[in-house]
Structure formats: C-alpha cells, structure tokens
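S.K.: Sharing a structure here in structure tokens format.
The values are calculated or read from the model by the stated rules, or taken from the named source; none is laboratory data. This structure is a prediction, so every number in the text was calculated from the model and none was measured. With ideal geometry, Cβ positions are generated from the backbone for all residues, glycine too; neighbour counts draw on all protein chains shown. Ligands, DNA and RNA are excluded from the accessible area calculation, which covers all protein heavy atoms including side chains. Shrake-Rupley method; radii C 1.70, N 1.55, O 1.52, S 1.80 Å.
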Amino acid sequence: MNEPLISVLIAAYNAEKYLSEALDSVYAQDYCPIEVVLVDDGSTDGTAAVARRYTTQGLQYHHQSNQGVAATRNACLSFATGEFIAFIDADDIWLPGKLSSQMAAIEQRPEADVISGKIKQFISPELDAAEFQNVKYVKEETQSHMISACLFRRAVFDQVGPFDVHKPSGVDMDWVRRAKQQDITFSALDQLVYQRRLHHTNLGRNRSAENYQLRFRILKEAIDDQRKPKP
C-alpha cells in the first residue's frame, strides 16, 4: 500500500550557517514518501548555495524577495502537494523517526487534525555558553504546539487559512490560536521530535519588548476567544 505524501516545508532567511543540519535531519527521516520545499526569503548570504546542493536529493528551491516568515511559509504551502504538511525552521533539527512516529499516531487517531510532539531547546555549539548565563530558557523537554514540532493534515490550512503576514512575530502562536478557535483537534505525541537552536539572532528577537507585547496580545486574544459563548 502506498503511504501518503508528506510535504516538508522550510522558510529560510540567511540560514547558511545552520541549513545543512536542518536538511540532513529531514533527509535522515525513515518515512517515505516526502517532498521537500524550501523558499528562500531574499537571503543575502550563502543560503541559496547550500540549498542547491540538496536539489540532487529532490529539494525544490524557490527564491523570493524578502517578505517575512509568515509570507514565506504561505509561499511554501502554495508549492505543497502532499496530503500532510510538516514545517521545520532552517536553523533547527528534527529527531530521527519524527515523521514516521507522527504518521503512525495520526493513523491511530483519526479524529486528530494535528499531531504535536515534545521539543528541547539547545544553545548552538559554536557560541560561548557564558554569553547565555543570564538568559532564561526551558532546558527540559516540553510538549509544544510549535509549528515545526507538528504534523498537519493539509486540509487544516484550507479551513484555518494562511499565516498572518501582518504579524512580525508570534506567527506560530497566532495560527494555533485561530486553529483552536475553529475546533481543530490537536493530539500530543509523548516523544521528543524537535530540537530548537538558540543563537544570537533568535535570542535577540525573543527578548525584545515588542515581541513580548505581541505575544501577550495573542495570548489575550486566545483567552478572549475561550470566553466567547459558543454559537
């Protein structure tokens, strides 16, 4: 019996330093078939050169002018042909067996629209740990609905809609909020599936006052949604 196709989608911007590790973790997956689509969001470093080395393995590479992560993920979705969707950020790593475990779970749970998994954050090894001594982050494995830790039925995006291009950050949180508002069913896999890299760029973004304010607004919207009476 032919297995369903999973579209693996990567939004990349100036990801030269880490992209190979991300792609290697994708192509090391034991699930087949997959198609891998990478949209380069106007990178000015060597992202394109790294990506093109993987075209011999079937990587579909697309370039666009810089538009931000939400628009780039939406572009990835426009190229996807699979029945299932999985995202990975270009600086992060999937654990072996991520896709096969999540596909097995979603087949066993036909009511589920999305299968999430556990994530673990790590400090990128090229950085001095002393730089992070005052940075607070969760070191343990945690359950997460981060987009890159999930496997989605493709139809979910048709129902919920695309990522919001008007939000400069908090894109994952906003999409998940809207999905839950529409009663999309999330189911959690008790397995580590995703490693999130901490480095200068994303730490700076995560610590910004603007980002905190935006995330608080998204959380407030989620709480307000829960308080609304059901129609």
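S.K.: Quick check on packing: order 95-106, 154-165 by the mean number of other C-beta atoms within 10 Å, highest mean leading.
M.R.: Details: 95-106: 19.1, 154-165: 15.9.
Descending packing order for the listed peptides: 95-106, 154-165.
S.K.: Quick one: 3J(HN,Hα) in Hz for region 4-9, Karplus 6.51/-1.76/1.60 with θ = phi - 60°, rounded, Gly and Pro as x.
M.R.: Residue by residue, region 4-9 yields x, 7, 9, 8, 9, 10 Hz.
S.K.: Hand me the GluC sites (Glu not before Pro) from region 36-116 located in a DSSP loop with no more than 14 other Cβ atoms within 10 Å, in residue order please. Walk me through the intermediate numbers first.
M.R.: Numbers: sites: E83, E107, E111; in loops: E83, E111.
Answer in residue order: E83, E111.
S.K.: Could I ask something else about it? Along Cα→Cβ, 7 Å out, is where each label goes; now give me the distance between the ones at V138 and C32 in nm to one decimal.
M.R.: Output for this residue pair reads 3.5 nm.
S.K.: To continue, here is another question. At 1.4 Å probe size, with no ligands or nucleic acids counted, give the accessible surface of D128 in Å², nearest ten.
M.R.: Approximately 90 Å² for this residue.
S.K.: Computing the accessible area with a 1.4 Å probe over protein heavy atoms, can you report the carbon and sulfur percentage for region 73-192? Working shown, then result.
M.R.: Values: 2720 of 5430 Å².
Within region 73-192, the accessible surface is 50 percent carbon and sulfur.
S.K.: Suppose each label sits 7 Å from its Cα in the direction of the beta carbon; what would the N66-D45 distance come out to in nanometres?
M.R.: 1.3 nm
S.K.: Going by Cα centres, region 162-194 and region 19-34 are how many Å apart?
M.R.: Going from one Cα centre to the other spans 22 Å.
S.K.: Sorting H166, H63, H145, H199 by accessible area (1.4 Å probe), largest first, what list results? Mind showing how you got there, number by number?
M.R.: Working: H166 160, H63 115, H145 60, H199 15 Å².
Largest to smallest exposure gives the sequence H166, H63, H145, H199.
S.K.: Quote the accessible area belonging to S65 in square angstrom, nearest 10, computed with a 1.4 Å probe and with ligands, DNA and RNA left uncounted.
M.R.: 80 Å²
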